[in-house]
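The values are calculated or read from the model by the stated rules, or taken from the named source; none is laboratory data. Treat the numbers as computed from the prediction; the structure is a model and nothing was measured. Here the Cβ positions follow ideal geometry from the backbone for every residue, glycine too, while neighbour counts run over all protein chains shown.
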Amino acid sequence: MSTGNTDAATVHDAAEEAPLFAALLTPHRSMGWPGFIAVMTAVGAVNLVGAVIFTSIGAWPVLPFLGLDVIIIFLAFRANYRHARAFEEVIVTPTEIRIRKVTWHGRAREWRFNPAWTRLQQTRDEEDGQVLGLTLDEGRRRLDIATFLPPVEREGFGKALTAALAEARRGPVRTHFD
């Protein structure tokens with residue numbers, strides 16, 4: 001049998017841990033699968049035409065190099081898409097900032113910061129004012145975040161994270177006395 005105070009404490013703890021801010025940051029890839037298929041089809045067609053032409057004039061030793069072209073381009077795309085599996089997860093609650101970075105290999109590292117003591121520092125380009133870097137600074141620890149975002153997106157992310165940190169510092173709004 002539970003008492004009213006226990007239920008109120010449980011509701012209060014759940015409200016305190018509800019995320020004020022959550023973001024999943026992924027590397028930008030300019031070409032999706034349809035574009036990849038179109039490029040590989042075009043590269044294959046151009047190399048096939050070249051193979052027919054070189055074979056018809058008796059220069060058949062060129063054929064392996066044309067095939068090597070296609071293989072190298074395919075492997076470059078494959079590496080690019082594999083690296084796109086990396087991501088950063090940023091969660092701000094009233095009691096902590098949780099950063100989880102996962103590499104394209106699948107290795108994960110996690111950091112936790114106290115929002116009351118953590119500041120977000122922005123490094124800007126002197127000429128055009130774009131945000132070049134974002135760093136969480138807790139005094140004794142520093143962590144660069146949003147490293148693979150372009151400067152325009154990094155600036156918007158920095159503003160949203162700064163607002164969430166300010167809200168976390170204000171603390172939860174209490175509507176009753178415990």
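Listed values, structure above:
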{"quantity": "Inter-residue pairs, beta-carbon under 7 Å, first more than 29 Å from Val92 (Cα to Cα) and in region 21-42, second at pLDDT 85 or above and surrounded by 14 or more Cβ atoms within 10 Å (Cβ to Cβ), 6+ apart", "calculated": "Phe36/Phe77; Met40/Phe74"}
{"quantity": "Candidates Ala86, Ala108, Ala79 - the one that is in contact (Cβ under 8 Å) with a residue 40 or more places away in the chain and either touching a helix residue (DSSP H, G or I) at 6+ places or on another chain (Cβ under 8 Å) or among the small types (Gly, Ala, Ser) (or both)", "calculated": "Ala86"}
{"quantity": "Qualifying residue in region 52-59 (condition: assigned to a helix (DSSP H, G or I), of a type outside the set (Val, Ile, Thr) and more than 23 Å from Arg140 (Cβ to Cβ))", "calculated": "yes"}
{"quantity": "Residue in region 68-106 that is modelled with the lowest pLDDT, counting only those that are exposed (fewer than 14 other Cβ atoms within 10 Å of the Cβ) and in contact with a strand residue (DSSP E or B) (Cβ under 9 Å, 6 or more places away or on another chain)", "calculated": "Arg85"}
{"quantity": "Any hit, region 122-133, residues being touching a Gly at 6+ places or on another chain (Cβ under 7 Å), closer than 30 Å to Ala51 by Cβ, surrounded by 15 or more Cβ atoms within 10 Å (Cβ to Cβ) and of a type in the set (Val, Ile, Thr)", "calculated": "no"}
{"quantity": "Phe65 being more than 36 Å from the chain's Cα centre (by Cα) and assigned to a helix (DSSP H, G or I)", "calculated": "yes"}
{"quantity": "Within region 105-172, strands (runs of 3 or more DSSP E) holding 3 or more residues that are farther than 21 Å from Phe87 by Cβ and not aliphatic (A, V, I, L, M)", "calculated": "119-124"}
{"quantity": "Selection status of Pro34, at pLDDT below 95 and either surrounded by 13 or more Cβ atoms within 10 Å (Cβ to Cβ) or polar (S, T, N, Q) (or both)", "calculated": "no"}
{"quantity": "Leading residue by the ranking (modelled with the lowest pLDDT) among those in region 134-178 that are within 20 Å of the chain's Cα centre (by Cα) and of a type in the set (Phe, Trp, Tyr)", "calculated": "Phe148"}
{"quantity": "Hits in region 73-104 (condition: part of a strand (DSSP E or B) and closer than 30 Å to Thr41 by Cβ)", "calculated": "Phe87"}
